[in-house]
Amino acid sequence: MSGYSNNSPDTGRMIPAYVATPAIDTELRSFMLRVFNTMAGGLALTGVVAYGAAASGAYAAVAGTPLFWLVMLAPFGLALLLGFRIAGMSRAAAQAAFWGYAALMGLSLAGIFLVYTGASIARVFFISAGTFAATAAWGYTTRTDLSRFGSFLVMGLIGIILASLVNLFVGSSALQFALSMIGVVVFTGLTAWDTQRLKTMFVESRGASGARNMAILGALMLYLDFVNLFISLLQLVGVRRD
């Protein structure tokens, strides 16, 4: 998967109920709007960079060289840095790291424009966007405590990462198909869970100094859910170029 790192400070915590008040609801809606706007901006930057790198030939020039592994692994390293260190960063540094991550991810995803048709990529993107929006809306509004599913989702995520690394050397199409199927389920579930967790994280840390970058952390969490859901669906139903 594409550099997924689910390292928020509240990973694995129970999601408690909170007492809704007009003030909290207004602040929460504003916070979630910042999260989704930042995430959407990151996705737009990733798409522009990916298309530009593919169309200009930059990605093809790097493929097959040692730089290719740097391009592929750099987003994962930066995601880990953001996940573990974002609370201590200045707002400017956190924003720069997020936009840098989105650009690096664009470079690593440029190959999809060389493998799949443009129409297929667009179709899968809109399918992914619809699935993501519906699942995030459910995670935001449901009264069901989704934390009980969190450990299973994280275990599934770890399994996907390990199996994907193995498949880099095995190259099994059957294993890749199975991983894509599981990935759709896992990242759809993570979208709902992360959305609900963000609500609780915001309410618990209102006014805390370490919460200044929480919107960026939330944007990173949901960005990763969307990108990996998109890739899983593309590998399942994408139309390859002749």
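In table form, for the structure just shown:
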{"read-out": "Single residue of the stretch 160-175 satisfying the filter (out of contact with any Leu (no Cβ under 9 Å at 6 or more places or on another chain) and of a type outside the set (A, V, I, L, M)) that is farthest from LEU236 (Cα to Cα)", "value": "PHE169"}
{"read-out": "Lone unmet requirement of (1) modelled with pLDDT under 95; (2) on the phi < 0 side of the Ramachandran plot; (3) surrounded by fewer than 20 Cβ atoms within 10 Å (Cβ to Cβ) for GLY64", "value": "(2)"}
{"read-out": "In the stretch 1-52, the residues that are of a type in the set (D, E, K, R), under 22 Å from GLY83 (Cβ atoms) and modelled with pLDDT under 90", "value": "ASP10, ARG13"}
{"read-out": "Of residues in the stretch 89-122 being without any contact (Cβ under 8 Å) to a residue 12 or more places away in the chain and in a helix (DSSP H, G or I), the one nearest to SER56 (Cα to Cα)", "value": "GLY118"}
{"read-out": "Residues satisfying the stated conditions in the stretch 32-82, i.e. without any contact (Cβ under 8 Å) to a residue 60 or more places away in the chain and either of a type in the set (Ser, Thr, Tyr) or touching an Asp or Glu at 6+ places or on another chain (Cβ under 6 Å) (or both)", "value": "SER56, TYR59, THR65"}
{"read-out": "Qualifying residues in the stretch 160-201 (those that are farther than 30 Å from THR144 by Cα and touching a residue at least 40 places away in the same chain (Cβ under 8 Å)) - the one surrounded by the fewest Cβ atoms within 10 Å (Cβ to Cβ)", "value": "PHE177"}
{"read-out": "Single match in VAL184, VAL166 (criterion: more than 27 Å from PHE98 (Cβ to Cβ), part of a helix (DSSP H, G or I) and β-branched (Val, Ile, Thr))", "value": "VAL166"}
{"read-out": "Residue identified as within 20 Å of PHE230 (Cα to Cα), more than 14 Å from the chain's Cα centre (by Cα) and not hydrophobic (A, V, I, L, M, F, W, C) among GLY64, GLY57, GLY52, GLY42", "value": "GLY52"}
{"read-out": "Top-ranked residue in the stretch 140-151 [being assigned to a helix (DSSP H, G or I) and modelled with pLDDT of 90 or more; ranked as nearest to PHE31 (Cα to Cα)]", "value": "TYR140"}
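The values are calculated or read from the model by the stated rules, or taken from the named source; none is laboratory data. Note that this is a predicted model, so its numbers are computed, not measured. Here the Cβ is made from the backbone with ideal geometry for all residues, glycine too, and neighbour counts use every protein chain on show.
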